[in-house]
Each structure stands twice: as C-alpha cells, then as structure tokens.
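J.: For reference, the structure I am asking about is given below.
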Amino acid sequence: MNNPETTTEIKMDVSNLYREEVFTDNAVGTLRRMTPVTTAGEPDPTRSEQYIGSTQVLTTAGPLPLSFEIEAESLAEAAAAFGDGAREAFERTMEELKEMQRQQASSIVVPGQGAGPMGGGGMGGGGIQMP
C-alpha cells in the first residue's frame with residue numbers, strides 16, 4: 001500500500017515565494033505582478049518581479065484562455081508589451097493545437113489497412129459467411 005503517489009508529501013518551496021497583485025483594464029485582460037518575498041512576507045530584492053498576462057480569444061470553438069509571461073521591468077512596460085505577448089501566446093497555442101490534430105489524425109485506423117483482428121486483410125475478414 002506504499003503507493004508513491006499517495007505518500008508523497010506536498011510542500012511549498014519557501015525559497016520561492018511571491019506576492020501576487022492583479023491589474024486589469026476591464027476590457028482586454030489582466031496583468032499579474034508577482035513580487036518576490038521572503039518567508040516573512042517582506043520584499044526580496046535579490047529576485048526580480050515577474051509579470052504574467054491573461055486574456056481570452058474568441059474562436060469558432062469558443063473562448064480560448066491564454067496565459068503568458070511578459071518580460072518587463074515595470075507595470076507600464078508589461079502593459080505596453082501585453083498585446084505582443086497575447087499574439088505570440090495565441091500563435092504558439094494554435095501551432096500546438098495543429099500538431100495535436102496531426103498526431104490524432106495519424107493514429108486513426110483505416111479499414112482495409114493491415115491485418116484485422118481475425119487475421120483477415122481488411123473489411124470482411126472477420127470470418128462471418130453469409131449463406
């Protein structure tokens with residue numbers, strides 16, 4: 001009963017804590033500023049702030065949520081880079097979806113190719129005979 005999945009202890013990395021602040025324009029998306037902090041919750045000047053953008057794009061399949069890191073030194077820089085980051089995240093996501101579709105399409109078994117489960121060469125090879 002010592003399943004590694006159930007006995008693994010879940011612990012936060014106390015050397016990698018961040019305070020999260022959320023900013024939005026109430027129209028396009030949100031920016032999260034991740035400020036590194038010490039275990040006492042005080043700003044940690046030895047690490048850089050991180051900015052993460054979030055938005056959603058309407059597609060024919062419905063809304064597609066996007067989340068992406070933004071390289072910036074300030075909130076103003078992050079806001080200015082938001083559009084480019086969203087576009088790059090969308091393009092990357094669409095490429096990943098296309099690759100998944102290609103992989104899925106290549107795994108489809110087409111009747112008539114290869115031996116069937118009863119050793120036949122395709123359709124009708126199941127061993128059933130009509131009188």
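J.: Would you check which residues across segment 20-37 are without any contact (Cβ under 8 Å) to a residue 24 or more places away in the chain and surrounded by 14 or more Cβ atoms within 10 Å (Cβ to Cβ) and list them?
T.: Hits for segment 20-37 are Arg32, Met34, Thr35, Pro36, Val37.
J.: Does segment 45-70 hold any residues that are in contact (Cβ under 8 Å) with a residue 12 or more places away in the chain and farther than 26 Å from Lys98 by Cβ, and which are they?
T.: Ser48, Glu49, Gln50, Tyr51
J.: Can I ask one more? If Ala27 meets every condition in (1) touching a Leu at 6+ places or on another chain (Cβ under 6 Å); (2) within 20 Å of Ala89 (Cβ to Cβ) apart from one, which number is that one?
T.: With respect to (1) touching a Leu at 6+ places or on another chain (Cβ under 6 Å); (2) within 20 Å of Ala89 (Cβ to Cβ), Ala27 is out only on (1).
J.: Condition check: more than 15 Å from Glu21 (Cα to Cα) and assigned to a loop (DSSP other than H, G, I, E, B). Does Ala86 satisfy that?
T.: In short, no.
J.: Okay, next question. I'd like to check something: does segment 99-114 contain any residue that is closer than 30 Å to Asn16 by Cα, in a helix (DSSP H, G or I) and modelled with pLDDT of 90 or more?
T.: No, segment 99-114 contains no residue that is closer than 30 Å to Asn16 by Cα, in a helix (DSSP H, G or I) and modelled with pLDDT of 90 or more.
The values are calculated or read from the model by the stated rules, or taken from the named source; none is laboratory data. On a predicted model such as this, the values are computed, not experimentally measured, just so you know. Neighbour counts run over all protein chains shown; Cβ positions are idealised from the backbone, glycine included.
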